[in-house]
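The values are calculated or read from the model by the stated rules, or taken from the named source; none is laboratory data. Because the structure is a prediction, the values reported are computed rather than measured. Cβ: placed from backbone, ideal geometry, glycine included. Neighbour counts: every protein chain shown.
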Amino acid sequence: MGVARVRDMKPEDLPAVVAIEAASFRSPWTYGMLREELDQESGWRSVAEDATGRVVGFLLGRCYPDAWHVVDLAVAPDRRRRGVGGALLDDFLRAADECGVEVVLEVRPGNAEAVSLYGPRGFAVVGIRPKYYPDTDEDAFVMVRPLRTAGEREDGAGGLTGPLLAIESSCDDSAAAVLSPEGRVLSAVTHSQDAIHERYGGVVPEVASRAHVERMTAVVAETLREGGCPLDDLGGVAVTVGPGLIGALLIGVQTAKAIAWSRRLPFFPVNHIHGHLAAAWLADPGAEFPMVTLVASGGHTVLIRVDGRTTFRLLGQTLDDAAGEAFDKGARLLGLGYPGGRELDELAEKGDPESFSFPIGLRRSSRPDFSFSGVKTALYYLLRRMTPDERAARAADLAASYRKAIVEALVGKAVRTAQCEKVRTLAAAGGVAANSLLRRRLTEAGSLAGLHVVIPPPALCTDNAAMIGAAALAGPRLDYPHYLAVDASASLALGRWMSTGPDEMPPPVDERRFSR
Ligand code: KG4
Ligand code: ZN
């Protein structure tokens, strides 16, 4: 049941309003504070009613002569995601438009639901208020919805007026892509550092950073050339700000900030995991939300419920190694190259998956979590008992059986979680989603369970910048100069878009000194 009508708040509504407030925020306003709002001279207070007359949400605002402020917006927990917040907000925005004022609000950067409510309604992040929320010391995004003037040009997503350049450097791939404002990929270039790290048998962070420095400019230049988009035609710049290797991230972030700064372009900070999730709707724009997405790569193995392009919740994850790590370590034990996942996959195609039995991690647990340390240890002890000749003769069978154990764990948990969450779409992303058995088995088992299965092409599964651009077009936008303090963050949590540096807001900039 949605909203039947939006009307002015009456004193009789206060008990319902207090209950919704208490159920919505960690530091809720008290009865007394809400009561005072009813008498505020410049105050706006509205409630949303359902068809039975029950109050299911409310909005408090302040109407100043030059700008209106959204002070508090909350929806009853059992009525969320049904357009209640949107109805309250649209009513407020309509009135603001009629009075010819812009609308301002603060939001927690981690509040993905709020960002997705305001973004499509023309709000853009214009700044950060450091440590705005006393309960968590969190920063606030300041979002503004500028006045719409008659005859204004219709822009693409994120208000872009030209193509978006996206940059990714969180691990060992230097990547860039150009997307149209509508999200079509015009060009994408990925420079893999596999050959550099092979001799160390793993990614060496310092070596990765240096390789990014050496290549990033050329990768960006090549991407712009292939996309037919000179620097001066760009409409915005997006970049992965975390999580990842801090030194590697920094190269992408500084490159993106420098390009955005030099042209005063808007800047789009992207969470790497949000990027992997976006690969699903980039590959299949018609795929329906909500979906459950498996992100399996060298660094992550997680199951995420995705309710919309910026609304998601972590459901489960690996308790030890990531799936890609398990593939890479297995490949190493089998004497294959680095990173090894793909080589092991190719070798496994020639072997018999039934010839050896490997443990399938947490198979009997109903939790949506994974464990891959057992399968790796089992391979280690099995190989120790074999002679070098046996190992060579049975390499393909070993690879096939090992691959099967990892894939069955991923497929079993992914399908079961999608069923438990009652979604109709199951997606997979991350480097391990390039695995040929995983692609076959997930499609098979998912379809059998009545799910629509989305597995992007391998180039969109492994780290790439096209997915970063797709995530950016759904996420927050920062206009110049508000992004100058945005920093790389090695451990950015899911649902966080960015962190700011020690100086928080940049010092005032004298525009004349920098004019081109
Ligand atoms: O997403 P990604 O490119 O980078 C990270 O964020 O980690 O994933 C890389 C991982 C590596 O562990 C690699 O071995 C694995 O994905 N991988 C594969 C395959 N292709 C890449 N694993 C299994 N089968 C494959 N075909
Ligand atoms: Zn990745």
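When ASP78, ASP72 are checked against the criterion of being under 30 Å from ALA493 (Cα atoms), in the same structural domain as LEU14 (by TED's automatic domain parsing) and free of Cβ contacts under 8 Å to residues at least 12 places away in the same chain, a single residue qualifies: ASP78. For the subset of segment 452-475 comprising residues that are outside any helix (DSSP H, G or I) and β-branched (Val, Ile, Thr), which member is farthest from PRO120 (Cα to Cα)? Applying the filter and picking the extreme gives THR462. Applying the set (1) in contact (Cβ under 8 Å) with a residue 40 or more places away in the chain; (2) surrounded by 13 or more Cβ atoms within 10 Å (Cβ to Cβ) to HIS191 leaves exactly one unmet item: (1). Would you pick out the residues in segment 412-451 that are part of a loop (DSSP other than H, G, I, E, B) and over 19 Å from GLY316 (Cβ atoms)? Scanning segment 412-451 gives ARG424, ASN435, GLY450. Among the residues of segment 447-473, the ones that are small (Gly, Ala, Ser) and crowded, with 24+ Cβ neighbours inside 10 Å come to 6 in all.
Residues in segment 335-344 that are buried (at least 22 other Cβ atoms within 10 Å of the Cβ) and more than 14 Å from ligand 2 (Cβ to nearest atom): 2 in all.
Quick check: is even one residue across segment 228-240 out of contact with any Phe, Trp or Tyr (no Cβ under 7 Å at 6 or more places or on another chain) and under 21 Å from ASP328 (Cβ atoms)? No - not one qualifying residue is present in segment 228-240. Tell me the residue from ALA283, ALA296 that is surrounded by fewer than 21 Cβ atoms within 10 Å (Cβ to Cβ), within 16 Å of ligand 1 (Cβ to nearest atom), within 18 Å of ASP463 (Cβ to Cβ) and aliphatic (A, V, I, L, M), please. Exactly one residue qualifies, and that residue is ALA283. VAL203 meets the conditions (1) under 24 Å from HIS482 (Cα atoms); (2) β-branched (Val, Ile, Thr); (3) outside any helix (DSSP H, G or I) in every case but one. The failed one is (1). Test LEU303 against the criterion of being closer than 17 Å to VAL432 by Cα and touching a Lys or Arg at 6+ places or on another chain (Cβ under 8 Å), and give yes or no. Here the answer is yes, as LEU303 does meet what is asked.
Here is a check on your reading of the model: is LEU245 more than 16 Å from ligand 2 (Cβ to nearest atom), among the hydrophobic types (A, V, I, L, M, F, W, C) and surrounded by fewer than 24 Cβ atoms within 10 Å (Cβ to Cβ)? When the stated conditions are applied, LEU245 does not pass them. GLY475 meets all of the listed conditions (1) within 26 Å of LEU117 (Cβ to Cβ); (2) in the same structural domain as THR377 (by TED's automatic domain parsing); (3) among the small types (Gly, Ala, Ser) but one, namely (2). Any residue in segment 236-247 that is assigned to a helix (DSSP H, G or I) and not assigned by TED's automatic domain parsing to the domain that holds GLY431? Yes, because at least one residue in segment 236-247 is assigned to a helix (DSSP H, G or I) and not assigned by TED's automatic domain parsing to the domain that holds GLY431. Regarding THR217, is this residue surrounded by 24 or more Cβ atoms within 10 Å (Cβ to Cβ) and under 20 Å from HIS191 (Cα atoms)? Criteria not met by THR217.
For segment 280-287, the criterion of being among the aromatic types (Phe, Trp, Tyr) and under 13 Å from the mean Cα position of the chain (by Cα) is met by at least one residue.
A single member of THR149, THR161, THR136 is of a type in the set (S, T, N, Q), modelled with pLDDT of 85 or more, more than 16 Å from ligand 2 (Cβ to nearest atom) and not in a helix (DSSP H, G or I), and it is THR161. Every listed requirement among (1) more than 20 Å from LEU383 (Cβ to Cβ); (2) at pLDDT below 95; (3) surrounded by 20 or more Cβ atoms within 10 Å (Cβ to Cβ) is met by VAL302 save one, (2). Take LEU303 and decide whether it is out of contact with any Gly (no Cβ under 6 Å at 6 or more places or on another chain) and touching a residue at least 24 places away in the same chain (Cβ under 8 Å). So LEU303 does not fit the description; no.
A quick yes/no check of all residues on (1) charged (D, E, K, R); (2) at pLDDT below 95:
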{"position": "ALA256", "(1), (2)": "no, no"}
{"position": "ARG264", "(1), (2)": "yes, yes"}
{"position": "GLY275", "(1), (2)": "no, no"}
{"position": "TRP281", "(1), (2)": "no, no"}
{"position": "PHE289", "(1), (2)": "no, no"}
{"position": "GLY298", "(1), (2)": "no, yes"}
{"position": "ARG313", "(1), (2)": "yes, yes"}
{"position": "ALA326", "(1), (2)": "no, no"}
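Checked against (1) among the charged types (D, E, K, R); (2) more than 23 Å from ARG439 (Cβ to Cβ); (3) modelled with pLDDT under 95, ARG384 passes all but a single condition, namely (3).
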